[in-house]
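Computed from the coordinates by the stated procedures, all read-outs in this text should not be read as laboratory data. Just so it is clear, the structure is predicted and the values come from calculations on it, not from any experiment. Note that each Cβ is placed from the backbone with ideal geometry, even for glycine, and that neighbours are counted across all protein chains shown.
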Amino acid sequence: MSANYGRICARERVPSGCCPNRELADQNVPTEVVNNPNYVKAAAIVEDIDKFDADFFGYSPKEAETTDPQHRLLLECAWEALENAGCVPERFEGSIGVFVGGSLSTYLLSNLLTGIGFESPVDNIPVLIGNDKDYLATRLSYKLNLKGPSINIQTACSSSLVAIHTACQSLLNGECDAAIAGGVTIRVPQAVGYFYQEGGYLSPDGRCKAFADNANGTIFGNGVGVVVLKRLADAIADGDRIEAVIKGSAVNNDGAAKIVSRLRVSRDKSRLSAKP
């Protein structure tokens, strides 16, 4: 688990950045949009998304250039998490599963499709594999030689938590001996704001204040988070540094209640009361 995530959780709010007018202009955001009173010039920005150790992970320069930063950052963070957990693949005796989720490739839509030409349909296949979220898990397993289950989880905002739940079930069922679980979202370009709509889920002030009395919405985030999970008995036997213990997890859905993007408190209570 990244130490940066722990530091962020210890703060009172999740940090977000302001999008200067010059950067908005560089991203071709119309002036009338920028000047709209409901346009919020805030974004969660991940620095250095263009940096990647291609040689270490066996990427050619062209392959790295045409690979979505979501794939690249997830791969780097997964490797870092495995190192921290003492589960480096070539030395780990057992199978390692991968359970991850990601977002639509805006890197493909904003950069590649508008700036790179392909001579034949065959040229599109490596780009598809390097950008489609359907290949996040299996490509990570391929690059790190991981031989446990390799599953993409797509449940929108809950993808990472559902990935952790699914990884726990796989461990309990004996399908793998360790598991990478997490998710990634990198919107390209990052430094663009959004329109606030009253009654919506986006914050009018560009700040996310989860669980606070003055919470008033969220913002579009960017980031990557990965944890390495093992059965507790195995972690104790192996002398691992245990950051946390998951006592239980459950997944449900609101069905046809309210609208698809709104949570229902009664269903949250139902999940919390589910048996581990």
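Observations on the model:
- Sorted fewest first by neighbouring Cβ atoms within 10 angstrom, H71, H165 come out as H165, H71.
- On the principal axes of its alpha carbon atoms, the stretch 3-245 extends 60, 56, 26 Å, with the longest extent given first.
- Remark: spin-label model distance C157-N84 equals 2.5 nm, labels positioned 7 Å along the Cα→Cβ axis.
- Each residue, D240 and L128, gets one label point 7 Å from its Cα in the Cβ direction; the gap between the two is 3.6 nm.
- Dipole magnitude of the stretch 3-245 about its Cα centre (Cβ charges: Lys, Arg +1; Asp, Glu -1), debye to nearest 20: 520
- When each of K147/K230; K209/K230; K143/K247; K62/K133; K62/K143 is checked by Cα-Cα distance, pairs over 21 Å: K209/K230; K143/K247
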